[in-house]
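Report on the structure given below.
No lab work stands behind these numbers, since they all come straight from the coordinates. Only a predicted model underlies this, so the values are computations on that prediction, with no experimental measurement involved. Please note: Cβ atoms are built from the backbone with ideal geometry, for glycine as well, and neighbour counts cover all protein chains shown.
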């Protein structure tokens, strides 16, 4: 956002340089990206007063104008502007001045125009490089000293580029930034005085109908313009600083108030639009002609303002209509100021490709109380500049918005969190300068009511952040605070989640991170349903993902399309049946089906084993559409079902000449977290070798059954024993399973005699 240094210093009652303002704002609330000086106006462009106006002898549309630009200095110039009048205070460019014409910047020279010498030029603001709101030369609305350079009348200015964060809509205007600056430099702050709405007896008030939820407030006034106003130079200079083009005194005033307070405003030509206003969402698509001359196709659900005839006056908060826009002949206006649903406006603007200054502010959830202040300020300036008078009482609509509550803070909390904190007196001063009302203050703490523009303040930590940034982050000591540490807790869901992640990573599986969204087409591919988002970022992110497998399979194939072998996993929250659940998804691709199965089983078993449990598998009764029928298994740990796995259907397998085996598994982290963590005793191990033996059996029973029989054999004393399935053989009808038994000595080395005796206790293997 462009910020005028002169304006913010004036409001904050400071005289800081651009660098000083940038440093304080950056250290407290908003980063300043840089600054630059405004266009310097030539010193030979001065103020002057028209003494006489005579017809040109050789041109009907030209006139000879005599002006005074000093106590005794008169000059005659040729002028073709229709609005030059005797007594007017105008802008005069003397010979040698740098002025802007149709061909760009050029030096003004003395010359003859239709046979008459002209020793200068009466200028419009556009001809001196300023925004112009009308045709003809510029006439000062009030007397000014003659002969004074225009640059001195305007005052030089510097424009700062300030980045406003989304949670601080109160900083979208100069008043809010000045409030922050005053607090940052410890200056007393006083809110600018805005007069109340003028009382009016008689007449008819405008009518407001709101037929859309989310509209928090609307304020309207029907005004007649009693004089042809001229936008004052101070307003034009500040519009120029913000990069806004001057259009019409009424529009200039509304843009000025928007820059001042951050609240957009809108005005209709009341003779065309009327004084009956309806704000509603469209029921069906319509074509809309904007004041920028372009046509837009509005869709059902877009928020618009209409009159009694159903004509659209504007896309609310975004763009006005060309038909009802304020123009040079406007004699009456209908002023509208309100607070509207940010999400609706943002969606409409994104779809139409429109990005306006008003939308940039509305989409940050403007505080409701700001609309009435901007409404009163606009009435004040319109009366001053355009002679605006009320045609009837003003009208107001207030929707439903929850009132902010009070927040309490103890001084000990601030010191404990920051390591150091301002004194109670400093705390009170800082919060009051930021607009907080002190409801109660004791020796131990205080209770405050946040101002209407700080809806982001709800917790004691929010108040501590306010204190820290204004008191000064640099004043917080770098030494760590000394105090007792809480005993670490074990077995929390967070701990178990990291156990799972570390276990999979140690197995050689790469971790991926994805967002939890999916498109309708992706859901259809996996045969899943999911709730649609009300405000999706795009059509590709329109649904909450019901499974982490969607992103893992599709995005892995997209990022690594040539990978025919590999192992990946991702974890996070997904939303099966609309309820959030944390899961971990595993993807295995390998050209060797046996190796792929072994790798997947080893990964899942490792996860379960890290929690002190043994993995059990059984056929999966709830067949997912994305797994091959009859090839899905259910994983269990103890008595809990923890997930499922199986072979992916062909449509999810990479299209390659040697299509790899694609295996998928998804484990519920919530189910794993519900398992009590079993402590694993770690005994000292002697520096003696372990002994392994392999046992091969006919595959005439499930592998889990044979494994249970082997583990039922008592473990010898003084050793640690492990049994694992290491190989399967299916090349012929005589299928076999091979298990590996490992004995690790705990006290004494293992002799061959003992080893042979232990092995004879197992069921007799195949020879």
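A few notes on this one:
- Rg over Rh for the stretch 493-673 works out to 0.94, both radii taken from alpha-carbon positions and Rh defined as the Kirkwood radius.
- Residues 85, 560, ranked from the fewest to the most other C-beta atoms within 10 Å, line up as 85, 560.
- Pairs of Cα atoms nearer than 8 Å and 6+ residues apart set the relative contact order; for the stretch 105-147 it is 23 percent.
- Three-way shape call for the stretch 149-212 based on the alpha-carbon gyration tensor, with the a/c threshold at 1.5: prolate
- Helix 174-184 axis, angle to the chain major axis (alpha carbon atoms, nearest 10°): 70
- Calculated diffusion of the stretch 103-196, Stokes-Einstein form, Kirkwood radius summed over Cα pairs, 10 °C and 1.306 mPa s, µm²/s: 86
- Crossing angle, helix 369-386 versus the chain [Cα axis fit, 0-90 degrees, rounded to tens]: 20
- Mean Cα-pair separation over length for the stretch 691-759, i.e. relative contact order, pairs under 8 Å, 6 or more apart, %: 40
- Computed from the Kirkwood radius of its Cα pairs, the Stokes-Einstein diffusion coefficient for the stretch 332-391 at 4 °C and 1.567 mPa s stands at 98 µm²/s.
- Three-way shape call for the stretch 45-154 based on the alpha-carbon gyration tensor, with the a/c threshold at 1.5: rounded
- Take the Cα of residue 33, step 7 Å toward its Cβ, do the same at residue 721, and the gap between the two points is 7.1 nm.
- The chain: angle of helix 460-471 to the longest principal axis, Cα-based, in degrees nearest 10: 50
- Note: relative contact order over the chain, using C-alpha pairs below 8 Å and six or more positions apart, is 9 percent.
- Cα convex hull of the stretch 207-398 - mean projected area over all directions, nm²: 9.6
- Estimated [θ] at 222 nm from DSSP helical runs (n ≥ 4, -39500 (n - 2.57)) normalised by residues in the chain, nearest 500: -7500 deg cm²/dmol
- Between residue 733 and residue 538, the FRET efficiency estimated from the beta carbon spacing at R0 = 56 angstrom works out to 0.55.
- Convex hull volume per residue in cubic angstrom - Cα atoms of the stretch 528-592: 98
- Relative pair counts by distance (%), Cα atoms of the chain, 10 Å bins: 2, 10, 14, 15, 15, 13, 10, 8, 6, 4, 2, 1, 0, 0
- Remark on the stretch 1-44: hydrodynamic radius 11.7 angstrom, per the Kirkwood mean of 1/r across alpha carbon pairs.
- Antiparallel DSSP beta bridges within the chain, as percent of all bridges there, nearest 5: 95
- Ranked 577, 661, 708, 466, criterion: other C-beta atoms within 10 Å, fewest first: 577, 708, 661, 466
- Ranked by the mean number of other Cβ atoms within 10 Å of their residues, highest first, the peptides 103-110, 211-218 come out as 211-218, 103-110.
- Cβ crowding within 10 Å ranks 355, 377 as 355, 377, fewest other Cβ atoms first.
- The stretch 133-282 shape via C-alpha gyration tensor axes, a/c threshold 1.5: oblate
- For the stretch 300-356, the pair-distance distribution built from all alpha carbon pairs, in bins 5 Å wide starting at 0, is 4, 16, 27, 25, 17, 8, 4, 0 percent.
- The simple Förster model, with R0 at 51 Å and r as the Cβ-Cβ distance, assigns residue 443 and residue 670 a FRET efficiency of 0.65.
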